[in-house]
1. Where the centre of each part is set by its Cα atoms, how far does segment 49-112 sit from segment 192-212, in angstrom?
2. Over all directions, how big on average is the projection of the convex hull of the alpha-carbon atoms in segment 92-233, in square nanometres?
3. Can you figure out the FRET efficiency of Arg48 with Glu126, using R₀ = 35 Å and their beta-carbon distance, to the nearest 0.05?
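Bear in mind these aren't lab numbers, they're just calculated from the coordinates by the rules spelled out. None of these values were measured; they are calculated from a predicted model. Note that we place each Cβ from the backbone using ideal geometry, even for glycine, and neighbour counts take in every protein chain shown.
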Amino acid sequence: MRAFARWEPRYTTWYPNCRTGVRLSQMHHLYSQIRDDIMSMAVAPGERLSERILESKYGGSRTPVRAALSRLEVDGLVQRDARGWAVTPLSFQEMERAFEFRGAVERGAVALACSRASGEQIDAIEEMVVSVAMDMSHDEWHRAGRDFHVELARLSCNAFFVRAIEDVMTRLGRVRWLEIRTEAGRARTVTEHCHILSLVRRGDADAAIKAISDHAGSAQKRHAEALMGGARQRGEIVILAGARA
């Protein structure tokens, strides 16, 4: 049977003189730039987004800007109403539901990983985890944490689990960004990640499920504290109705 290489979109390799290819390239660039600013809180939750201002700020025409915003809407990072576009507000309710979903997905993914993951796959993730520097930038640490959970889901050998974790980690990304991690906290996270991987390597599904559940539970508590702290310190963070008082 013929093996097919994994397909990945490569917008910039499309015909350079094709108008459609240029617009797709612009859309991809705009999407990445706006997404990075939303995830890093440079653009605040609840902030209105003007298509004209986005064109001027990031460069690009109206059609790619609208396409980028539509893609961000699918990610849950922006929303549209009668007045136009706005960054999706943060809320405790959404965070709690996201963690509820993440917990269910990760427990299933880890259970499968215990019977499907190879030693080489686990070695690769473990190498990524232990190479994390305690003094790395906030942005690098934020990305490293997300990558661990995505790669852990990949050990399930089920692409649906991977996509689900990629999506929920994106939706939790802004809350994770608010969290201030000390060196001791980072070291604890690395230890927990290594422990989870060791249980997967042993094929101990029950213990691995408990470890990932405990890890997610402590993360949810920290994120709730970070969200509340952000709400008190930064007036632009919007807490929706139904959130904790």
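1. Rounded to whole Å, the Cα centres lie 32 Å apart.
2. Numbers: hull surface 30.8 nm².
Answer in nm², one decimal: 7.7.
3. Details: r = 44 Å, r/R0 = 1.27.
Computed FRET efficiency for Arg48 and Glu126 comes out at 0.20.
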